[in-house]
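Worksheet: one structure, shown below.
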Amino acid sequence: MIHIDNLHFKYGRNELFKNLQLKVDSGNIYGLLGKNGAGKSTLLKIISGMLYVEQGSCSVKNISSFKRLPEFLEDLYYLPEEFYLPSLKSSEYEVIYGDFYPNFSKDKFREYLKEFDIDPKSDKRLSKFSLGQKKKYLLAFGLASGTSLLLLDEPTNGLDIPSKRQFRRLVSMAMSDQRTIIISTHQVKDVENLIDPVIILEDGKILFNENMEMINKNLSVTTSSTVIPEALYSEENLSGFTSVLKNQTGEEGEIDLEILFNTVVSSGDKLTNLFNEESSNE
């Protein structure tokens, strides 16, 4: 689906990406995780063709992102963290913008709006919606666009707790083997049990890119009263210490995304070596 090769990108004199390599396959909901400033939003803009790079390549379904060809744009939906909605009624927006996407489904759009508790027949101007309503409106539109690639930057920002639950359900409903969704977020709890595989960015580098099956096969989490010396990562809590270890049991474990993220950022080399070793043994 997406191939990024030897990509270099700078903001002025400040280099963010250097020799970036990434492959994203179809049929998955990828989680793009990282701290603020790690490069998540920039990477999505590069994939969408909104930013041009001096060196390297980025292609989606063998079409260069940087050319911004019509067949590329009509099969990609990008929802940035900051967005604008015009002073239009929902029905007007649907007619004007729906035509940009050949596979746009009016029926699904209206279904998703109702799931988000938004009246598709309302005469209220979109610009008068609250931030949460605007976000839900554009999420419903993107999911109904029928594009094979969706790029969602911090999609749960501005959503209340019930809306976050609705978001997770609708993304699962809209997913298919022909579709790829990349969700960029630093609020990992909001996308728990939704994303797979997990990509972790830190300082413009991809530290980690693995599916949950491999993660749970190779890692285990335990709580103890003291720090375990061989732990890949440990953090103190009210119960003692939560530690991430190499899974020695052969049984699939379970690790939450917040602990996984902290483990990768604090001991990325150890983790990389562990997964590389496992891959070479298969």
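The values are calculated or read from the model by the stated rules, or taken from the named source; none is laboratory data. From a predicted model like this one, the values you see are computed outputs, not experimental measurements. Here the Cβ positions follow ideal geometry from the backbone for every residue, glycine too, while neighbour counts run over all protein chains shown. The protein model used for the area step is the full one, side chains on, heavy atoms only, and it has no ligands, DNA or RNA in it. Shrake-Rupley method; radii C 1.70, N 1.55, O 1.52, S 1.80 Å.
Tabulated data for the structure shown
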{"read-out": "Neighbour cut-off at most 12 other Cβ (10 Å), DSSP loop, GluC sites (Glu not before Pro), the range 40-148", "value": "E54, E82"}
{"read-out": "Rounded to 5, the percent of DSSP beta bridges in the range 104-254 classed as antiparallel", "value": "75 percent"}
{"read-out": "Using a Förster distance of 25 Å, the FRET efficiency for L274-K189 (Cβ separation, nearest 0.05)", "value": "0.50"}
{"read-out": "Potential lengthening between T223 and S26 on full extension [0.36 nm per residue; Cα-Cα distance subtracted]", "value": "67.3 nm"}
{"read-out": "The range 91-118 residues near the modelled R165 label - backbone nitrogen below 14 Å, point 7 Å along Cα→Cβ", "value": "116-117"}
{"read-out": "Length added when fully stretched, H3-E92, from 0.36 nm per residue minus Cα-Cα", "value": "28.4 nm"}
{"read-out": "Per-residue HN-Hα couplings for the range 35-43 [Karplus 6.51, -1.76, 1.60; θ = phi - 60°; Hz; x = Gly/Pro]", "value": "5, 4, x, 6, x, 4, 5, 4, 4"}
{"read-out": "Nonlocal amide H pairs with L232, under 5 Å, H built at 1.01 Å", "value": "V244, L245, K246"}
{"read-out": "Within the chain, helix-based [θ] at 222 nm, where runs of 4 or more DSSP H residues each add -39,500 (n - 2.57), nearest 500", "value": "-9500 deg cm²/dmol"}
{"read-out": "19 Å Cα-Cα reach of K61 towards lysines, excluding residues that sit fewer than 8 places from it in its own chain", "value": "K23, K45"}
{"read-out": "Residue-level accessible surface for M50, protein heavy atoms, 1.4 Å, Å²", "value": "110 Å²"}
{"read-out": "Heavy-atom SASA rank of Y30, Y84 (probe 1.4 Å, accessible area, largest first)", "value": "Y84, Y30"}
{"read-out": "Accessible surface of H186 - all protein chains present, 1.4 Å probe, nearest 10 Å²", "value": "80 Å²"}
{"read-out": "N36 paired with K121, simple spin-label distance in nm, labels 7 Å along Cα-to-beta-carbon", "value": "4.3 nm"}
{"read-out": "S48, S239, ranked by accessible area, largest first (probe 1.4 Å)", "value": "S239, S48"}
{"read-out": "Theoretical FRET efficiency, 1/(1+(r/R0)^6), r = Cβ-Cβ of T249 and F66, R0 45 Å, to 0.05", "value": "0.45"}
{"read-out": "Cα gyration tensor, the range 1-65 - rounded (a/c under 1.5), prolate or oblate", "value": "oblate"}
